[in-house]
Amino acid sequence: MPTELYYHHCSSDLVGWLELCASGVGVRSVSFCDAPAAPVICSSRPIMDRLIAELDDYFSGRPTNFSVPLDIASGSDFQRRVWQQLTTIPYGETRSYGQIAAALGKPSAGRAVGSANRSNCIAIVIPCHRVVRADGSLGGYASGVHIKEKLLRLEGVSL
């Protein structure tokens, strides 16, 4: 039986429109998007309601430890391990690609960590924006470095 998915579009003054997707198990995706022709608002679902509330807190500048459950339906074992490691980076802090690789017991896998970050489909909640180059420069971000910079500044990270 196919999993029923729920969608919601919301906007933030900081980064623009987000498309949220959740199942009855957890969040499937948080994606940056262009403004929808008509906002899609799902009927009240506990997981979606919790995600929206936590994102509202985050964009209000309140340090947020996302606690909404995740329903990761894609990714290799390594990608999932990277994404799990990213969730341990505290609000307002950064880690280098190499530090993430080392924490996974694969110290030479910094580029693979970068590749896993690019495949992260749950932006902000799985905070790939908190991963920077070893020299402290921003590195890349799938939705644009300007978005990464805004998210880090919101969290009080000195750039």
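Considering each of Ile147, Ile47, Ile89 in turn, give the residue that is assigned to a loop (DSSP other than H, G, I, E, B) and either not hydroxyl-bearing (Ser, Thr, Tyr) or not assigned by TED's automatic domain parsing to the domain that holds Leu18 (or both). Full working, then the answer.
Values: Ile147 fails: assigned to a loop (DSSP other than H, G, I, E, B); Ile47 fails: assigned to a loop (DSSP other than H, G, I, E, B).
Just one listed residue meets the conditions, Ile89.
Regarding the stretch 63-73, can at least one residue be identified that is at pLDDT 95 or above, assigned to a helix (DSSP H, G or I) and either over 13 Å from the mean Cα position of the chain (by Cα) or under 24 Å from Tyr7 (Cβ atoms) (or both)?
Checked against the condition, which is being at pLDDT 95 or above, assigned to a helix (DSSP H, G or I) and either over 13 Å from the mean Cα position of the chain (by Cα) or under 24 Å from Tyr7 (Cβ atoms) (or both), the stretch 63-73 yields no hits at all.
Taking only pairs six or more apart or across chains, which ones have beta-carbon atoms under 8 Å, a first residue in the stretch 13-34 that is at negative phi, and a second residue that is basic (Lys, Arg) and at pLDDT below 90?
As it stands, the answer is Ala22/Arg45; Gly24/Arg45, since those pairs meet every condition given.
For Ala102, state whether it is farther than 28 Å from Tyr7 by Cα, outside the structural domain of Gly16 (by TED's automatic domain parsing), surrounded by fewer than 17 Cβ atoms within 10 Å (Cβ to Cβ) and at pLDDT 95 or above.
Numbers: farther than 28 Å from Tyr7 by Cα: yes; outside the structural domain of Gly16 (by TED's automatic domain parsing): yes; surrounded by fewer than 17 Cβ atoms within 10 Å (Cβ to Cβ): yes; at pLDDT 95 or above: yes.
Yes: the conditions hold for Ala102.
Do you know which of the residues in the stretch 122-144 that are hydrophobic (A, V, I, L, M, F, W, C) and part of a loop (DSSP other than H, G, I, E, B) is nearest to Val68 (Cα to Cα)?
If we filter the stretch 122-144 for residues that are hydrophobic (A, V, I, L, M, F, W, C), which is where we start, we get 122-126, 128, 131-132, 134, 138, 142.
Among the residues that remain, those that are also part of a loop (DSSP other than H, G, I, E, B) are: 123-126, 134, 138, 142.
Details: Ala123: 13, Ile124: 12, Val125: 9, Ile126: 11, Ala134: 30, Leu138: 27, Ala142: 23 Å.
Selected residue: Val125.
Filter the stretch 92-121 for residues that are charged (D, E, K, R) and not in a loop (DSSP other than H, G, I, E, B); which is nearest to the chain's Cα centre (by Cα)? Lay out the reasoning, then the answer.
So the first thing to find is which residues in the stretch 92-121 are charged (D, E, K, R), and the list is 93, 95, 106, 111, 118.
Retained after the next criterion (residues that are not in a loop (DSSP other than H, G, I, E, B)): 95, 111, 118.
On the way: Arg95: 15, Arg111: 19, Arg118: 11 Å.
Checking each candidate, the answer is Arg118.
The values are calculated or read from the model by the stated rules, or taken from the named source; none is laboratory data. Computed from a predicted structure; not experimentally measured. No Cβ is skipped: glycine too gets one built from the backbone with ideal geometry, and neighbour counts run over all protein chains shown.
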